[in-house]
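Undergrad: Have a look at this one before I ask anything.
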Ligand code: PBG
């Protein structure tokens, strides 16, 4: 008599579905990106990221306390730097009193247990909007790595728990790790953006920080000489394995949803935790479709977060953190 095995038995009620569910997203999975600006009392919405804000330090303090109460344990900091402080070498990134350094201290004072991760790349500080130093139409690799190492030390001195290099220079994990060890920051971790693709999904983020590559002669118009070609899979594994060998504590795949095949492959290849960045464009797409009434915002968001975790993410950097809590309570 057929069928003895009926797969639908395990789907008959919500209770049985709960019992056999393989993947459950919790607040512990989230890394919450935060955008910081100079000033006081500022909480300005980013036009291409509805309901997401740039915040001055006083607002950052409130936000971090809120996030901690909601159950989140880690934030990822980005700063928007005024144009007059930008140059080719990202000099302002090393200012001990710079916005990033003050933001780190603000979070640590407000909420000492909240893990603070910092973006390490030159683009918000670069007059050309590139992650590295530009010379004769090229992005200089080793010179950039040296600056990134100094930047990492500066963030560690201010109290960062992890530095997160998002620049894709070759060898920068080793350079940063050695610099941190030399300075005694043996417990400062490195979360490497290991497989970061040259993606059009970063558009809204570049609006948020005003950090897009500038359109002037002899400056590359895009980041394709350092970020990865979206067509490549084996290269993602090699990039990630090299970062692990160089000392990365956590590796990352970015963007998220369009790259879940890469997430699973990397999860199967390496033993360190794998982070996935659900980027600004992914956020904007859901918000825009929901505003038009074309998608159920909360259901699609939950489905995507679950898919990211199911693919192998141990950590999800996502702008949906507070939306998630609103739904889950
Ligand atoms: C900077 C950086 C970017 C993002 C994170 N760090 C932008 C870029 O590489 O141009 C994108 C994040 C997002 O789109 O949400 N190096």
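Laboratory data are not the source of any read-out in this text; all were calculated from the coordinates shown. Computed from a prediction, not measured in an experiment: that's the story for all the values here. Cβ placement follows ideal geometry from the backbone for every residue including glycine, while neighbour counts extend to all protein chains displayed.
Undergrad: Out of the residues in region 118-147 that are away from the ligand (no atom under 14 Å from the Cβ) and assigned to a loop (DSSP other than H, G, I, E, B), which is surrounded by the fewest Cβ atoms within 10 Å (Cβ to Cβ)?
TA: 136
Undergrad: Of all residues in region 175-212, which are under 20 Å from the mean Cα position of the chain (by Cα), more than 14 Å from the ligand (Cβ to nearest atom) and part of a helix (DSSP H, G or I)?
TA: 176, 177
Undergrad: Taking only pairs six or more apart or across chains, which ones have beta-carbon atoms under 6 Å, a first residue in region 186-207 that is free of Cβ contacts under 8 Å to residues at least 40 places away in the same chain, and a second residue that is more than 7 Å from the ligand (Cβ to nearest atom)?
TA: Here the result reads 188/156; 188/180; 198/224, each pair linking region 186-207 to a residue that is more than 7 Å from the ligand (Cβ to nearest atom).
Undergrad: Restricting attention to region 220-229, which residues are more than 13 Å from the ligand (Cβ to nearest atom) and either free of Cβ contacts under 8 Å to residues at least 12 places away in the same chain or under 30 Å from residue 53 (Cβ atoms) (or both)?
TA: Listed by number, the list is empty, since nothing qualifies.
Undergrad: Please give the number of the condition residue 232 fails out of (1) part of a helix (DSSP H, G or I); (2) more than 20 Å from the chain's Cα centre (by Cα); (3) free of Cβ contacts under 8 Å to residues at least 24 places away in the same chain.
TA: Of everything listed in (1) part of a helix (DSSP H, G or I); (2) more than 20 Å from the chain's Cα centre (by Cα); (3) free of Cβ contacts under 8 Å to residues at least 24 places away in the same chain, residue 232 misses just condition (1).
Undergrad: Need at least 3 residues that are surrounded by 24 or more Cβ atoms within 10 Å (Cβ to Cβ) and touching a residue at least 40 places away in the same chain (Cβ under 8 Å) per element, so show me which strands (runs of 3 or more DSSP E) inside region 238-329 make the cut, counting only ones lying wholly within it.
TA: Per the criteria, 250-254, 274-278.
Undergrad: Would you please name the residue that is surrounded by the fewest Cβ atoms within 10 Å (Cβ to Cβ), looking only at residues in region 99-117 that are in contact (Cβ under 8 Å) with a residue 24 or more places away in the chain and assigned to a loop (DSSP other than H, G, I, E, B)?
TA: Selected residue: 113.
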